[in-house]
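Below is one structure, written out as structure tokens, with a few remarks after it.
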Protein chains: 2
Amino acid sequence: MTDLRPAPDAPATGLRERKKRRTRDALLRAALLLFVSQGYDRTTVDEITDAVEVSQRTFFRYFANKEEVAFAVQDLVESHFVAALRARPASEGPVEAMRGAVLAAWDTVEEAISEVVPVDLYMRGYQLIESTPALLAVHLRRSTELEEEIARLIADREGLDLDADPRPRVAVAAFCGVMRVTGRLWGQGEDTSVEAIRRMTEAYLDQIRPALAAHWHRPPAAPGPAPAASATGV
Amino acid sequence: MTDLRPAPDAPATGLRERKKRRTRDALLRAALLLFVSQGYDRTTVDEITDAVEVSQRTFFRYFANKEEVAFAVQDLVESHFVAALRARPASEGPVEAMRGAVLAAWDTVEEAISEVVPVDLYMRGYQLIESTPALLAVHLRRSTELEEEIARLIADREGLDLDADPRPRVAVAAFCGVMRVTGRLWGQGEDTSVEAIRRMTEAYLDQIRPALAAHWHRPPAAPGPAPAASATGV
DNA sequence: TGTGAAGTGTCAGTCGCTGTCACTAGCCTG
DNA sequence: CAGGCTAGTGACAGCGACTGACACTTCACA
């Protein structure tokens, strides 16, 4: 068969590959929809595979476990952030660069994932993770792995040896700790928009230096559950 | 109802109560020993119950799930830390108080847990948690709950409204982020002693302010995988 | 066009965990 | 101290996540 289709730009190889991708995507979407509509725990793997009409065994050939499918999109978002961090100018300090990267990443999540899943489905998925104990636990463990990656990146930027200088890991840990609080509080709030979490991110990061001051004599810059962004401290 | 038994000081009530406590402790110890000797995943609940000669059903009446038994001692250590934090003088700033509490808690873990389990078994258990993905995930989720408790405590100390002022949660998040890195690196090292983790804790906490400085122009105070304690920054 | 391998379905089995029910043993009352 | 109450337990059946083994279909490539 003289293959006339030039596989335009995507890595569209043989029929087999495309079929595989299709079933994987179908499983992913079906799972996400079931999860957000009826909850993670109340969704069985059989329900997912029934919706896609494959056997349960096939599901476990694509995803190591039921949790993994819930983090497929999260994976994309995380690499998106890492890419944003790599793109920060070398002139920026470590914390400055991380802050810039997070905000830039939120500004452009849509284009990073919309091919796979609409943004609001992802946001609902993120909320599901934050509110489902089993998923939250896995999320936090995955986050520590991401933290290590970021620490390596920061050490590289600064030309430091990660194992000789504790600052990269310490800075990243403090930074990510604040990010996690942000994610948690966002998940508990009502506004589930990207803008909301972006706004909160900015506000909470602005509080990190004031919060670590030796004494809190003055009230913070802008009080409130999701305070407006503005830093008194450096 | 004329209750003549004054229940002297310990909660030593009837025979029933004592029997319960005994089987619970037996399950706990058997589980911990099996976990550290052959690994968490390679230990089945049946093995644990066989060692204590009770039915599997009984195990799940004492522990909600297999993970819970691995965190029973950790629970004690965490309340020990919270108690230490409550005991800090009001004159100390938030970060100062947390730092003091952690170090004081490590100095006195032994007396806090030795009645239930020898310290080195606890330390090996802690290492197990750090090195077992399933346990690490749960550990991190539990840690966020502890974080919230600490944040409330700090807010109280400072006379602030936790939901109006972001600084308590931000400070605690940054602090606990650094603590977590410490725990992880300790788990990977060879020295599993309490002294080792105490030393690392001190060293890494000393790096939090330098690490968050806008730019890292100078090398850190004391480089090395487990740097000696000494703070350049505030 | 036939051969090998990739992908899938089926089946049986393990392990964590839960509901149910009957039974035993401490406890409490009369 | 007899008899009833109930907390704690064991036995059993069953669900859901996950795995290994094997046979079958279907694409790929010579």
Original post:
A:D107 passes all but one of (1) under 30 Å from A:E158 (Cβ atoms); (2) in contact with a helix residue (DSSP H, G or I) (Cβ under 6 Å, 6 or more places away or on another chain); (3) modelled with pLDDT of 95 or more; which number fails?
Top reply: (2)
Subject >> Number of the exception - B:D191 against (1) within 27 Å of A:A155 (Cα to Cα); (2) more than 8 Å from chain A (Cβ to nearest Cβ); (3) in contact (Cβ under 8 Å) with a residue 40 or more places away in the chain >> reply: (3)
**OP:** Tally the residues that are within 21 Å of B:R180 (Cβ to Cβ) and of a type in the set (A, V, I, L, M, F, W, C), restricting the search to the range B:57-82.
**Re:** 8
**OP:** Being within 21 Å of A:V82 (Cα to Cα) and away from chain B (no Cβ under 13 Å) is the filter here, so list the residues in the range A:123-153 that pass it.
**Re:** A:M123, A:G125, A:Y126, A:E149, A:R152, A:L153
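Among the candidates A:R167, A:R141, single out the residue that is over 19 Å from the mean Cα position of the chain (by Cα) and either surrounded by 17 or more Cβ atoms within 10 Å (Cβ to Cβ) or hydrophobic (A, V, I, L, M, F, W, C) (or both).
Just a single option satisfies the conditions, and that option is A:R167.
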Subject >> All positions within the range B:168-183 that are facing another protein chain (nearest Cβ under 7 Å) and either basic (K, R) or touching a residue at least 40 places away in the same chain (Cβ under 8 Å) (or both) >> reply: B:R169, B:A171, B:R180
Original post:
touching a Pro at 6+ places or on another chain (Cβ under 9 Å), within 16 Å of A:E96 (Cβ to Cβ) and not assigned by TED's automatic domain parsing to the domain that holds A:V36 - does that describe any residue in the range A:137-144?
Top reply: no
**OP:** Give the range B:85-110 a look and list any residue that's within 16 Å of B:M179 (Cα to Cα) and of a type in the set (G, A, S), or say none.
**Re:** B:A97, B:G100, B:A101, B:A104, B:A105
Subject >> Subset tally (residues that are aliphatic (A, V, I, L, M) and part of a loop (DSSP other than H, G, I, E, B)) for the range A:94-126 >> reply: 2
Original post:
What's the number of the condition B:R42 fails, among (1) farther than 17 Å from B:L146 by Cα; (2) at pLDDT below 95?
Top reply: (2)
**OP:** Please determine, by comparing only the residues of the range A:3-26 that are in a loop (DSSP other than H, G, I, E, B) and within 13 Å of DNA strand C (Cβ to nearest atom), which one is modelled with the lowest pLDDT.
**Re:** A:T13
Subject >> Wholly enclosed helices (runs of 4 or more DSSP H) of the range A:35-90 bearing at least 1 residues within 11 Å of DNA strand D (Cβ to nearest atom) >> reply: A:45-52, A:56-62, A:66-70
Original post:
Going by the structure shown, is B:S114 in the same structural domain as B:M200 (by TED's automatic domain parsing), surrounded by fewer than 21 Cβ atoms within 10 Å (Cβ to Cβ), of a type in the set (S, T, Y) and farther than 18 Å from A:A213 by Cα?
Top reply: yes
**OP:** Pairs only if they're at least six apart or on different chains, beta carbon under 6 angstrom, first in the range A:204-226 and over 20 Å from B:M98 (Cα atoms), second at pLDDT below 90; list them, first residue then second.
**Re:** A:D206/A:A229; A:D206/A:A231; A:A221/A:S230; A:A221/A:T232; A:A222/A:A228; A:A222/A:S230
Original post:
Yes or no: B:R29 within 16 Å of DNA strand D (Cβ to nearest atom), loosely packed, with under 14 Cβ neighbours inside 10 Å and not in a loop (DSSP other than H, G, I, E, B)?
Top reply: no
Subject >> Residue that is nearest to the other protein chains (Cβ to nearest Cβ) [pool: residues in the range A:50-102 that are farther than 26 Å from A:V138 by Cβ and surrounded by fewer than 16 Cβ atoms within 10 Å (Cβ to Cβ)] >> reply: A:E96
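The values are calculated or read from the model by the stated rules, or taken from the named source; none is laboratory data. Treat the numbers as computed from the prediction; the structure is a model and nothing was measured. For neighbour counting, all protein chains shown are included, and Cβ atoms are generated from backbone atoms with ideal geometry for every residue, glycine included.
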